[in-house]
Amino acid sequence: MREAGLSASAVRTEIAAALSEDIPWTRVLNSICTEPHPLAVELSHAASHTNLGDVRIFRGTKRIERKAVALLLELLGHPQGAGSLVSGGTEANLLAMLAARQEARAAGRLTGRPEVIVGSTVHFSFDKIFSALGVTAVRVPVDDGLRLAPDSVAAAANENTIAAVATAGSSELGVVDPVDDIATALARHGVWLHVDAATGGFIIPFARELGRRLPQFDFHVDGVRSITIDPHKYGLANVPAGAILFRDQEAYQADSFFLDTPAHTTLLGTRPGSAAVATYAVLEHLGREGFVEITRTNFENTEYLTTQLTEAGYGLLIEPDLNIVVARVPHAAEVSRRLDADGWIVSTSKRFDEGLRLVVARHVTRDVIDAFMPALVKADHEVRAEVAG
Ligand SMILES: *Cc1c(COP(=O)(O)O)cnc(C)c1O
C-alpha cells in the first residue's frame with residue numbers, strides 16, 4: 001500500500017482507463033447478463049452502504065428484500081412460499097441442494113452416498129456444489145432436442161437420491177427441460193425437484209404469455225420444491241443479484257441447512273442490500289407489461305439474427321427455445337478468436353465442433369446484429385482461406 005494516498009482524481013483516472021478497456025455491451029454476443037436497467041443502477045448506488053447481514057440496522061432494506069421475494073414468488077406461481085435474494089445462481093443452487101439434503105436427513109433417508117439426478121445440460125455451478133457437499137451426480141441422458149428425458153430421471157431414482165435438477169433455460173443452449181413431465185414421472189418417488197431457472201425465470205413466463213410453446217416450469221407444477229432465478233440476468237438488476245425460492249416455509253428455516261446459525265438463511269453473511277433494492281426497483285418499474293415487451297423484442301431480435309444467419313448460409317444446430325442461437329460455422333473456435341481480435345465477443349459450443357454460440361440479450365439489437373454479420377462473414381472467410389491455403 002502507498003505511504004501517502006493518491007488524489008481522488010488520480011484514482012478516478014486510473015479506474016476510468018481500466019473500465020474503458022472493458023468490451024462495450026454492443027459488441028457482446030456471449031453473455032446471459034446484460035446492461036442493467038438505469039433505475040437499478042441509480043437506486044443500488046443509493047443503497048450501496050447497506051448490509052442485509054445485519055437486519056437490526058437495515059430494517060427498511062430488509063423490508064424491500066421481502067417485497068422483492070414476494071414479487072418473485074408471485075411471478076412463479078406461489079405467493080405462500082419463502083426465499084431470499086442471494087449473490088447469484090450458484091449460491092441459490094447451493095442453498096437448494098442443502099435444503100434437499102437436510103430434508104432427507106430429517107426424514108431419516110440420508111444415506112452415506114447422497115445422489116442428485118441431473119442431465120448433461122445442467123449448469124457447471126452444480127459441479128462446484130456437488131464437490132463441496134460430497135454429493136454424487138447421476139447423469140441421465142437427454143433426448144434429441146437435448147432435453148432431460150422424464151423416464152430416465154424416474155429410472156435413476158433410488159434410496160440414495162436426495163434431489164433431481166431440471167433446467168428451465170440452459171445457459172449453454174437455452175433449452176428448457178419438460179419440468180411438468182419430469183415432476184409427474186418423479187411423483188411417486190418423493191424426490192425433491194429443483195428447477196434451475198437462472199436463465200429462463202425472467203423469460204419463460206412472459207414468452208408463454210406471448211403464446212410461445214414452452215412448458216410450465218415453476219411452482220404451478222406440483223412437485224417443484226425450489227427454484228433458482230437470477231435478477232442479474234434477464235431481471236435487469238446489476239450484479240450480484242440472484243434469488244432462491246422454496247415452496248414450503250418449513251424447508252427454509254435457517255436451521256434446516258445451517259445448523260446452529262439461526263440468524264442467516266444465506267451462505268453469505270455480510271451481503272449487499274443494493275441487490276435487493278435493484279431487483280425490487282426493476283420489478284416495480286417495469287411491471288408485467290414491461291417485461292412482456294422486452295421479451296417480445298428479444299424474440300424478434302433472435303428471429304432477425306437467425307434469418308440473417310440463414311441468408312448468409314449458416315444453418316442452425318438446434319432449434320432454440322429461448323434467445324440463444326447456435327450457428328453451424330466451420331472452425332468455430334478459430335472464427336471466435338478472429339472476432340475477438342476484431343473486438344467482438346462470441347463463444348463456441350462444447351457440444352458441437354462447428355457451433356458458434358450467440359446470445360441475444362437485451363443489448364443485442366438489430367443495429368448490433370447488422371454490425372455483427374459482416375464481421376462474422378469476414379472472420380469466416382479469412383479462416384477458410386487460411387485453412388485452404
Ligand atoms: C448463470 C447460471 C447459473 C449460475 O449463476 P451465477 O449467477 O453465475 O452464479 C446457474 N444456472 C444457470 C442455468 C445459469 O444460467
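If you wrap segment 38-285 in the convex hull of its Cα atoms and look at it from every side, the mean projected area works out to 12.8 nm².
Only the Cβ atoms of Lys and Arg (+1) and of Asp and Glu (-1) were treated as charged; on that basis the dipole of segment 38-285 about its Cα centre amounts to roughly 480 debye. Every pair of different Cα atoms in segment 307-389 enters the Kirkwood calculation, which places the hydrodynamic radius at 12.9 Å. For L316, nonlocal amide neighbours, meaning residues 5 or more places apart or on other chains whose placed amide H falls under 5 Å from its own, are R328.
Simple rule: put +1 on each Lys or Arg Cβ and -1 on each Asp or Glu Cβ in segment 41-117, find the dipole, and look at L72, A82, A106; the Cα lying farthest toward the positive end is A106. The calculated FRET efficiency for H264 paired with V138, based on their beta-carbon distance and R0 = 35 Å, is about 0.70.
Listed by chain and number, the aspartates and glutamates whose alpha-carbon sits under 12 Å from that of K350, ignoring those within fewer than 8 places in the same chain, are E172. Taking max minus min of the alpha-carbon positions on each principal axis, segment 1-146 gives extents of 60, 42, 38 Å, largest first. Measuring between their Cα centroids, segment 321-354 and segment 5-52 lie 27 Å from each other. When both segment 56-118 and segment 137-194 are represented by their alpha-carbon centers, they are found 19 Å apart. Residues E303, E115 in ascending order of nearby Cβ atoms (within 10 Å, fewest first): E303, E115. What does the charge count near G223 come to, summing +1 for each Lys or Arg and -1 for each Asp or Glu among other residues with Cβ under 15 Å from its Cβ? Taking every other residue near G223 into account, the sum is -4.
Judged by the gyration tensor of its Cα atoms, with axes a ≥ b ≥ c, segment 155-276 is oblate; a/c meets the 1.5 cut and b/c is at least as large as a/b. From the Kirkwood radius over Cα pairs of segment 148-200, Stokes-Einstein at 20 °C and 1.002 mPa s returns a whole-number translational diffusion coefficient of 191 µm²/s. Listed from fewest to most Cβ neighbours within 10 Å, the set T50, T199, T34, T365 follows the order T365, T34, T50, T199.
For segment 207-218, the Karplus equation 6.51 cos²θ - 1.76 cosθ + 1.60, evaluated at θ = phi - 60°, returns couplings of 5, 5, 4, 7, x, 6, 7, 10, x, 4, 9, 10 Hz by residue, with Gly and Pro reported as x.
Find the Rg to Rh ratio for segment 342-389, where Rh is the Kirkwood radius over alpha-carbon pairs and Rg uses the same atoms.
My calculation of the ratio gives 1.01.
Peptides 13-22, 69-78 ranked from most to least packed by the mean count of surrounding Cβ atoms within 10 Å: 69-78, 13-22. For segment 1-45, the extents of the C-alpha atoms along the principal axes are 42, 25, 16 Å, listed from largest to smallest. Overall shape of segment 231-369 was characterised from the C-alpha gyration tensor. The equivalent ellipsoid obtained from it has semi-axes of 38, 20, 15 Å, in decreasing order.
Look at the alpha carbon pairs under 8 Å that are at least 6 residues apart: their mean separation over the length of the chain gives a relative contact order of 23 percent.
Values in this text are rule-based calculations from the coordinates and carry no lab data. Because the structure is a prediction, the values reported are computed rather than measured. All Cβ positions, glycine included, derive from the backbone under ideal geometry; neighbour counts span all protein chains shown.
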